[in-house]
Structure formats: C-alpha cells, structure tokens
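Beneath this line is the structure, given in structure tokens, with notes to follow.
Read the figures in this text as sums done on the coordinates, not as results from a lab. Since the model is a prediction, treat every value here as computed from it, not as a measurement. In this analysis, Cβ positions are derived from the backbone assuming ideal geometry, glycine residues included, and neighbour counts consider all displayed protein chains.
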Amino acid sequence: MVRLTLVLWSVTATTLAGIFILIVLTVPSLAANDAQLILPAVILGCLVAILPSYLIAKKIMNLTNGQ
C-alpha cells in the first residue's frame, strides 16, 4: 500500500502545488509578493497531498481486496 500511496502522492502533490501557485499568482494581494510565496505554496501543496493520497490508496485497496 505504501508504493500505491507514493504514486498517488506524486500526482496529487503536483496538482495541489499547481493550484496553490495559481492562487498566489491570481489573487492581487498575494501577487505583489509572488516571488516569496511560490515556494511556500509548493511546500503546502506537497504536505496537504499526503492525507488524500493515503485515503485514495486505502479506498483502492479495499475495492480490490488488497490484490
């Protein structure tokens, strides 16, 4: 299950990091400091993606009976 979680994390982390970067770039109050906020947005996206990746992997394993 760990390998499946890591594969799913690579997809969800990339997606969430991209979403958070877009938020930083499109919100005018955040765009003023975009050079300083992009790295924290990426880190936050990677950290937030851990739980959904685990839950999706757990659901997949339950649906396939762990095969």
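Please check which bits of the stretch 1-36 a label hung off residue 64 would reach, taking the label as a point 7 Å along Cα-to-C-beta and the cut-off as backbone N under 19 Å. Once the point is set 7 Å along Cα→Cβ of residue 64, 1-13 turn out to lie under 19 Å by backbone N, inside the stretch 1-36. Would you please state which residues of the stretch 5-19 a label at residue 51 would reach in this model, taking the label point 7 Å out along Cα→Cβ and a backbone N cut-off of under 19 Å? Flagged as within label range: 5-6, 8-19.
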